[in-house]
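See below for the structure under consideration.
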Amino acid sequence: MNTSKIAWSVDNLAILGAPPVFVEPLHVGRPNIGNREVLLRRIGDIIDRRWLSNNGPVVREFEQRLAQFLGVKHCIAMCNGTIALEIAIRALELHGEVIVPSYTFVATAHALQWQAITPVFADIDPATHNLDPSAVERMITPRTTGIIGVHLWGRPAPIETLQELAKSHKLQLMFDASHAFGCTYGGRSIGQFGRCEVFSFHATKFFNTFEGGAVVTNDDELAKKMRLMKNFGFSGYDNVIYSGTNGKMTEVCAAMGLTGLESLDEFVVVNKRNYHAYRDALQGMPGLSLIRYNESERCNYQYIIIEVGVDFSLTRDELIQVLHAENILARKYFWPGCHDMYPYRAYYPHASMLLPNTNAIAAHGIVLPTGTAVEPETIKTIVRIIRSAAANPGRVRLAIQSIAK
Ligand code: T4K
């Protein structure tokens with residue numbers, strides 16, 4: 001951080017020509033690293049053992065520990081969350097149309113489209129950013145075979161209502177739980193709902209395995225099928241009994257996962273501290289709201305999302321420019337909605353008419369930096385920049401316009 005900016009005034013804003021407060025880029029999702037020595041020791045053992053992949057002992061231990069932690073019968077570790085979604089979708093034999101939110105990371109939709117299944121986008125509840133069950137019901141057609149709920153930002157989707165809907169329309173229900181590792185719903189771990197749930201352990205997730213993911217389920221048959229699918233369909237040497245792909249997690253990735261799991265509580269403590277620091281610092285700022293977590297449940301607090309309302313003095317995109325000028329690389333997740341991305345925008349040119357809440361939320365959200373690389377002092381500085389820009393919208397806007405010329 002550039003400490004020459006301790007005595008703060010609006011002229012210190014980089015968008016107005018001052019040097020950026022942060023010398024190094026401040027990212028939204030710096031990876032959390034657990035105990036480095038323990039990790040390196042585990043990696044050393046893997047190298048000594050010369051067993052690097054293909055269901056090795058570290059992957060098996062990782063799967064066992066995760067299943068125990070989540071309170072599920074089966075955990076099938078995979079090379080990433082997208083492949084885990086694709087395998088789960090295939091194992092459930094989804095086809096035709098599957099209802100998903102448009103307000104999600106594009107992998108949720110791509111995992112269907114990649115297998116020639118049509119993702120049908122349903123609108124969200126603006127209060128929760130999760131699927132609105134009445135919008136889901138409106139999108140059901142005779143071709144619908146399933147629903148994929150997403151626990152966006154780690155906040156549970158409307159699990160019970162979606163369950164009832166799936167049951168009454170004879171649809172499969174699964175969840176993209178990529179954001180919700182370590183979260184609970186009604187005191188039960190996310191991972192225990194639907195036919196199966198899928199996690200991402202990408203580097204940017206608060207719990208990561210470099211790249212990685214998992215499908216968890218209580219369904220023995222489904223688990224067996226997915227184990228075959230992730231290993232080309234091999235059942236023992238030379239014996240292919242199923243059509244499959246390569247979805248295997250490596251030993252090194254599992255070592256990262258085991259090590260991270262041992263520090264999970266510390267990661268959550270830091271995320272929660274940061275969430276409270278943002279909440280306190282942003283208090284009373286007109287037009288800006290921080291999305292809230294239900295603290296009576298277990299949460300991972302991994303995303304700090306602010307909504308820039310119409311009564312804020314700057315637009316969302318102007319505020320992003322202010323932050324980027326300071327090297328604060330805030331992100332516009334998840335803008336645009338999937339329906340407005342390639343290839344879906346060509347399939348559904350009029351989708352926006354059915355997705356007013358998705359459009360409104362996607363146009364106003366900003367994700368701010370958090371995680372173990374972010375200190376409360378950093379958060380105070382970020383919010384000071386936001387307040388300063390908000391108090392001087394005219395100058396900021398002029399500066400942005402002159403940069404654009
Ligand atoms: N479903 C949902 C709901 C998801 O959010 C995701 C993934 C998936 C499914 C699919 O799971 P995976 O197949 O990815 O396991 C990122 C991640 O790549 C993606 O995993 C994540 N969601 C999504 C929300 O964010 P980008 O393209 O925005 O990430 P990127 O590379 O710009 O990185 C984000 C920030 O983190 C940057 O500010 C840089 C920093 N960073 C990144 C990496 C990779 C680091 O500091 N270190 C790193 O190693 O998609």
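The values are calculated or read from the model by the stated rules, or taken from the named source; none is laboratory data. Given the structure is predicted, the values throughout are model-derived calculations rather than measurements. Cβ sites come from the backbone with ideal geometry, for glycine too, and all protein chains shown count toward neighbours. For the accessible areas, the whole protein counts, side chains as well, though only heavy atoms, and no ligand, DNA or RNA atoms are used. Shrake-Rupley method; radii C 1.70, N 1.55, O 1.52, S 1.80 Å.
Matching residues to (1) free of Cβ contacts under 8 Å to residues at least 40 places away in the same chain; (2) more than 21 Å from residue 369 (Cβ to Cβ); (3) more than 16 Å from the ligand (Cβ to nearest atom):
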residue: 184; (1), (2), (3): no, yes, yes
residue: 194; (1), (2), (3): no, yes, no
residue: 223; (1), (2), (3): no, yes, yes
residue: 234; (1), (2), (3): yes, yes, yes
residue: 240; (1), (2), (3): yes, yes, yes
residue: 273; (1), (2), (3): no, no, yes
Could you tell me which residue of segment 35-64 is least open to solvent (accessible area, probe 1.4 Å), considering only residues that are not in a helix (DSSP H, G or I) and not aromatic (Phe, Trp, Tyr)? 56
Restricting to segment 86-123, and then to whatever is in a helix (DSSP H, G or I) and away from the ligand (no atom under 15 Å from the Cβ), can you tell me which residue is surrounded by the fewest Cβ atoms within 10 Å (Cβ to Cβ)? 90
Does segment 312-330 contain any residue that is within 20 Å of the chain's Cα centre (by Cα), hydrophobic (A, V, I, L, M, F, W, C), farther than 23 Å from residue 121 by Cβ and surrounded by 21 or more Cβ atoms within 10 Å (Cβ to Cβ)? yes
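The rows are residues; the columns are (1) in contact with a Pro (Cβ under 6 Å, 6 or more places away or on another chain); (2) within 16 Å of the ligand (Cβ to nearest atom); (3) β-branched (Val, Ile, Thr).
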site	(1), (2), (3)
38	no, no, yes
42	no, no, no
46	no, no, yes
56	no, no, no
61	no, no, no
68	no, no, no
74	no, no, no
84	no, yes, no
Quick check on residue 376: is it modelled with pLDDT of 95 or more, surrounded by fewer than 16 Cβ atoms within 10 Å (Cβ to Cβ) and over 25 Å from residue 335 (Cβ atoms)? yes
Looking at this structure, is residue 252 closer than 28 Å to residue 45 by Cβ and either open to solvent by 10 Å² or more (accessible area, probe 1.4 Å) or away from the ligand (no atom under 11 Å from the Cβ) (or both)? yes
Being open to solvent by 40 Å² or more (accessible area, probe 1.4 Å) and within 16 Å of the ligand (Cβ to nearest atom): is that true of residue 211 here? yes
Answer from 301, 278, 333, 342 - the residue that is of a type in the set (Phe, Trp, Tyr) and more than 16 Å from the ligand (Cβ to nearest atom): 278
Tell me which residues, restricted to segment 197-238, are under 27 Å from residue 263 (Cβ atoms) and touching a Leu at 6+ places or on another chain (Cβ under 7 Å). 198, 207, 214, 216
Scan segment 133-144 and tell me whether some residue there is part of a loop (DSSP other than H, G, I, E, B) and either of a type in the set (Phe, Trp, Tyr) or open to solvent by less than 10 Å² (accessible area, probe 1.4 Å) (or both). no
Would you be able to say whether some residue in segment 240-256 is farther than 20 Å from residue 108 by Cα, modelled with pLDDT of 95 or more, among the hydroxyl-bearing types (Ser, Thr, Tyr) and assigned by TED's automatic domain parsing to the domain that holds residue 184? yes
Given the criteria within 16 Å of the ligand (Cβ to nearest atom), modelled with pLDDT of 95 or more and surrounded by fewer than 24 Cβ atoms within 10 Å (Cβ to Cβ), does residue 155 qualify? yes
